[in-house]
Amino acid sequence: MPLFQPLTVNGVTLPNRVVKSAMAEGLCDALGHPSPGLAKLYGRWSAGGVGLAITGMATVRQGYSFTGGEIGLHSDEFVPALREVTEAVHRHPGKIFAQLNHAPPQLPRPVAQKVGSTAPSAGFNKTNLLWNRALTDEEIRGIARDFGPAARRAREAGFDGVQLHAAHGYLMSRFLSPLHNRRDDRWGGDFERRLAFLAEVFHAVRSAVGKDFPVTAKLNAHDGERGGLTIEDGLRIGQRLQDWGIDAIEVSAGTGDVGLGFYPNKGGMPVEEGKKWLGATFGFLKPVMPVMGPFIKVASRAVALDEEAYFWPLARRFAEELTVPVFCVGGVRTLKMAKRILTESRVAAVSLARPLVRQPTLVRAWQKGETPEATCESCNRCFVQVGLGERLRCHLRPGEEA
Ligand SMILES: Cc1cc2nc3c(=O)[nH]c(=O)nc-3n(C[C@H](O)[C@H](O)[C@H](O)COP(=O)(O)O)c2cc1C
Ligand code: SF4
């Protein structure tokens, strides 16, 4: 399928098959209020030719922001400002989906110390070095319910669809993992019960937005962790999502516990920024920071970007076994590869993240034949900066946000 051919997702027609994958933007205040920069950023991406922009993970519940700068969808008060964001996108042919997330159990230590470190099961939390408390049945139902109004607000604000963040080790993803979900009740114990939370969220969202609104998911094909989600389970979950009526699936992999959290966005591990993050998150680690270098180097071997489109083999399998559109994300860097993915497999769209921070108008340049490849170095500095509470920007374009 040609890259610049439209793709229709539950009645919404994307002008082409290049998706801007979710990236936390760091352009909202701690409560989730968007700054004017957010509308400008999405307007720039849409003007730059992306067929669909998916927002960074938006909060469905107050107080659970991972970076301190994510979009809030937990209150009606955000709707007017978010309408400006969607209007900025709709001045161009591109569309915009909101990504919905609940960040525990991967909250940074300072946030988790305030709101509690919670997870499907009790245990040691490698992200914040705290002890996770297992969520109660009532809490689980309450969180799943919160996704419904958040999706309704997204629709009211003019978003064209939503994406459930069921990847990378956040709550939906953790419930799916046999390693992290060791419950023995209606939310865990076997494959079916581990799926129950995602089912509850999906149905809450679907009933809030109706049948005619795209509800999609970003799903881990596998977790990259021994004992975690396997590709066979990932495919079964994809099948189940399809049976429920999901409208598209973006296939990713990895969690915060693998390669210091860089597995989904393979590439460089910026040591200086990394030390800053560790220092800000774990003050007590400051004295040992000078000797952290070798540890970071070993972890970075697990996530070196050694091949382009590193998750294509996973997305390809999903696309072979499912009929819903499958998006391929992770390390796509050249126009040639983007075209190959669509012509040599049944994948429906190609997603890019970091290259569009470096070059917000890359898609238009590809379409005009002006440039064959992205100039992003996959150094991941933008990733760590956002984790430090800064706005999304490329260090190669100082002074400018994406
Ligand atoms: C700064 C930054 C923020 C990110 N935030 C999110 C996010 O909020 N939700 C999500 O699903 N993935 C997030 N990701 C992962 C990307 O969506 C994508 O899966 C990953 O970067 C691989 O694609 P790429 O090689 O084109 O960058 C983020 C990545 C970066 C670099
Ligand atoms: S900082 Fe720039 S070059 Fe480095 S990964 Fe981010 S966008 Fe790419």
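The values are calculated or read from the model by the stated rules, or taken from the named source; none is laboratory data. The structure presented is a predicted model; accordingly, all values stated were derived computationally and were not measured. As a convention, Cβ positions derive from the backbone with ideal geometry for all residues, glycine included, and neighbour counts pool all protein chains shown. Each accessible area value is taken on the protein alone, full model and side chains, heavy atoms only, with ligands, DNA and RNA left out. Shrake-Rupley method; radii C 1.70, N 1.55, O 1.52, S 1.80 Å.
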- Elements of type strands (runs of 3 or more DSSP E) in the range 90-170, at least 3 residues being surrounded by 18 or more Cβ atoms within 10 Å (Cβ to Cβ) and modelled with pLDDT of 95 or more: 95-101, 161-166
- Task: Out of Glu370, Glu344, report the one residue that is without any contact (Cβ under 8 Å) to a residue 12 or more places away in the chain, within 17 Å of Glu308 (Cα to Cα), out of contact with any Asp or Glu (no Cβ under 6 Å at 6 or more places or on another chain) and away from ligand 2 (no atom under 15 Å from the Cβ).
- Result: Glu344
- Among the residues of the range 362-399, write down those that are open to solvent by less than 80 Å² (accessible area, probe 1.4 Å) and in contact with a Phe, Trp or Tyr (Cβ under 8 Å, 6 or more places away or on another chain). Asn380, Val384, Gly387, Leu388
- Message: Whether any residue in the range 329-338 is within 21 Å of Gly268 (Cα to Cα), over 20 Å from the mean Cα position of the chain (by Cα) and either within 13 Å of ligand 2 (Cβ to nearest atom) or among the polar types (S, T, N, Q) (or both) is what I want to check.
- Response: yes
- Considering the range 3-26 alone, what residues qualify as being in contact with a Leu (Cβ under 8 Å, 6 or more places away or on another chain), more than 16 Å from ligand 2 (Cβ to nearest atom) and not β-branched (Val, Ile, Thr)? Leu3, Pro6, Leu7, Leu14, Asn16, Arg17
- Task: May I ask you to verify whether Leu229 is in contact with a Ser or Thr (Cβ under 6 Å, 6 or more places away or on another chain) and either under 28 Å from Thr127 (Cα atoms) or modelled with pLDDT of 95 or more (or both)?
- Result: yes
- Message: Can you go through Val85, Val50 and tell me which one is in contact with a strand residue (DSSP E or B) (Cβ under 7 Å, 6 or more places away or on another chain), assigned to a loop (DSSP other than H, G, I, E, B), more than 19 Å from Glu390 (Cα to Cα) and aliphatic (A, V, I, L, M)?
- Response: Val50
- Query: Quick one: is Met1 part of a loop (DSSP other than H, G, I, E, B) and open to solvent by 10 Å² or more (accessible area, probe 1.4 Å)?
  - Reply: yes
- Of the residues that make up the range 29-44, is at least one open to solvent by less than 40 Å² (accessible area, probe 1.4 Å), within 16 Å of ligand 2 (Cβ to nearest atom) and either assigned to a strand (DSSP E or B) or touching a residue at least 60 places away in the same chain (Cβ under 8 Å) (or both)? yes
- All positions within the range 222-253 that are among the β-branched types (Val, Ile, Thr) and surrounded by fewer than 20 Cβ atoms within 10 Å (Cβ to Cβ): Thr230, Ile231
- Of (1) touching a residue at least 12 places away in the same chain (Cβ under 8 Å); (2) open to solvent by 30 Å² or more (accessible area, probe 1.4 Å), Glu272 satisfies all except one. Which? (1)
- Task: Report yes if Glu320 is farther than 24 Å from Thr8 by Cα and open to solvent by 50 Å² or more (accessible area, probe 1.4 Å), otherwise no.
- Result: no
- Task: Could you tell me which residue of the range 205-221 is most open to solvent (accessible area, probe 1.4 Å), considering only residues that are under 20 Å from the mean Cα position of the chain (by Cα) and within 24 Å of Ile140 (Cβ to Cβ)?
- Result: Arg206
- Just wondering, is there one or more residues in the range 372-390 that are more than 12 Å from ligand 1 (Cβ to nearest atom), part of a loop (DSSP other than H, G, I, E, B) and modelled with pLDDT of 95 or more? yes
- Query: Taking the condition at pLDDT 95 or above, assigned to a loop (DSSP other than H, G, I, E, B) and near ligand 1 (Cβ under 9 Å from one of its atoms), does Ser351 pass?
  - Reply: no
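Examine the range 374-390 for a residue that is more than 10 Å from ligand 2 (Cβ to nearest atom), over 24 Å from Thr281 (Cβ atoms) and of a type in the set (S, T, N, Q), and state whether such a residue exists. Spell out the reasoning first.
Keep residues of the range 374-390 that are more than 10 Å from ligand 2 (Cβ to nearest atom), which gives 387-390.
Then keep just the ones that are over 24 Å from Thr281 (Cβ atoms); that gives none.
No, the range 374-390 has no match at all.
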